[in-house]
Amino acid sequence: MAAAAAPGALGAWQAGRARLVAAGCAPLGPRWTLPGSLTGQRLGPAIRARGWAPAAGGLPSRRGYSSEVKTDDELRVRYLEEENRGIVVLGINRAHAKNSFSKNLVKMLSKAVDALKSDKKVRTVIVRSEVPGIFCAANLPVPTIAALDGLALGGGLELALACDIRVAASSAKMGLVETKLAIIPGGGGTQRLPRAIGMSLAKELIFSARVLDGQEAKAVGLVSHVLEQNQEGDAAYRKALDLAREFLPQGPVAMRVAKLAINQGMEVDLVTGLAIEEACYAQTIPTKDRLEGLLAFKEKRSPRYKGE
């Protein structure tokens, strides 16, 4: 993936960041509201559900894609089909600007996020670059994977940090380099990088504006998987697709609620986190998917989940 989100484009990214955050952090609807014991002032806003509503979709292109939503030339949204049905690929395509963020791209990403959040058929979203050698994610209720096959500098890495999982080619280059320009990361980097790799190391990387390759990023815990780059230049994307396929058989509601529980729990103390987990667990009990899972287990067959 390539999303160099160059520092020069940081202003456009910062201007549109609020829209993306709003798109990714909508409160739970009535159906998904946490029990009253977890929504009052006593526990504060940190544990309130934010950022998910049931989702769905269907689309592809080359390598198993079957349809494409042309939101704009700068952003290509593809719903994979057949054995990959439920996986959606967001492809950043600003070759002339090395995938740096523009107001239009931020607007398109925001619209895509809104659409995906309301689509119950979407199970996993992969964010990748369609520009060879450069990468540029969105906060969604379903699992998100950033595939880093090229450069991910400044805002590009900040987008990847907003994803649940990051995979990279060994030749990828990533870093928060804003201090070279006498500014700081303004798209969440100062907050998400310390949460991903620890405060001390995050400070070191931001203070030095150091750029890491895939192996170095894996060593510090910035990415989960690192692959040798292939001739096609999409090794990270292929790994991301493999991971997404692993997620497909699981219960859609459970996946969303698990993500919510993890994200919210990381922001509070353990006791509060366990209360969040209990509340989220309770959301899965009355679902049709849970009953289908039990029945499938009893009948020794694969479950047929519908996200209900």
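Around the amide H of Q229, modelled in the peptide plane, lie the amide H atoms of S170, S171, all under 5 Å away and 5 or more residues distant in sequence or on another chain. Couplings 3J(HN,Hα) of the stretch 293-303, computed from phi: x, 5, 5, 4, 5, 5, 8, 6, 9, 6, x Hz, in residue order, whole Hz [Karplus 6.51 cos²θ - 1.76 cosθ + 1.60, θ = phi - 60°; x for Gly and Pro].
Using a Förster distance of 22 Å, how high is the FRET efficiency between E83 and L291, based on the Cβ-Cβ distance and rounded to 0.05?
0.30
Of the trypsin sites (Lys or Arg not before Pro) found in the stretch 149-251, those in coil by DSSP whose Cβ has at most 15 other Cβ atoms within 10 Å are R210. Does the stretch 75-248 come out rounded, prolate or oblate, given a ≥ b ≥ c as the square roots of the eigenvalues of its C-alpha gyration tensor, rounded meaning a/c under 1.5 and, failing that, prolate meaning a/b above b/c? Because a/c hits 1.5 or more and a/b exceeds b/c, the stretch 75-248 counts as prolate. Phi angles of the stretch 262-276 translate, via the Karplus equation with coefficients 6.51, -1.76, 1.60 and θ = phi - 60°, into HN-Hα couplings of 5, 4, 6, x, 5, 9, 10, 6, 4, 4, 5, x, 5, 5, 4 Hz per residue; Gly and Pro are given as x.
Anything over 20 Å Cα to Cα? Flag those among K203/K239; K117/K306; K121/K288, in the order listed. Listed pairs above 20 Å: K203/K239. Net length available on complete extension from E267 to R245 is 5.0 nm, with 0.36 nm assigned per residue and the Cα-Cα distance removed.
Inverting the pair-averaged 1/r between distinct Cα atoms of the stretch 252-299 gives 11.5 Å as its Kirkwood hydrodynamic radius. A cut-off of 5 Å between modelled amide H atoms, ignoring neighbours fewer than 5 places along the same chain, links L176 with G154. Each residue, D114 and Q191, gets one label point 7 Å from its Cα in the Cβ direction; the gap between the two is 2.2 nm. Starting from the Kirkwood Rh over alpha-carbon pairs, what translational D in µm² s⁻¹ does the stretch 147-300 have by Stokes-Einstein at 37 °C and 0.692 mPa s? The diffusion coefficient I find is 187 µm²/s. Cross-link reach is defined here as a Cα-Cα straight distance under 12 Å, omitting same-chain residues fewer than 8 places apart; for K259 the aspartates and glutamates meeting it are D164, E277.
Per-atom-type breakdown for the stretch 238-308 gives carbon and sulfur 60% of the accessible area (1.4 Å probe, protein chains only).
The values are calculated or read from the model by the stated rules, or taken from the named source; none is laboratory data. Keep in mind that this is a model prediction, so the values were computed, not measured. Ideal geometry is used to build each Cβ from the backbone, glycine not excepted, and the neighbour counts take in all protein chains shown. Side chains are part of the model used for accessible areas, which takes the heavy atoms of the whole protein and leaves out ligands, DNA and RNA. Shrake-Rupley method; radii C 1.70, N 1.55, O 1.52, S 1.80 Å.
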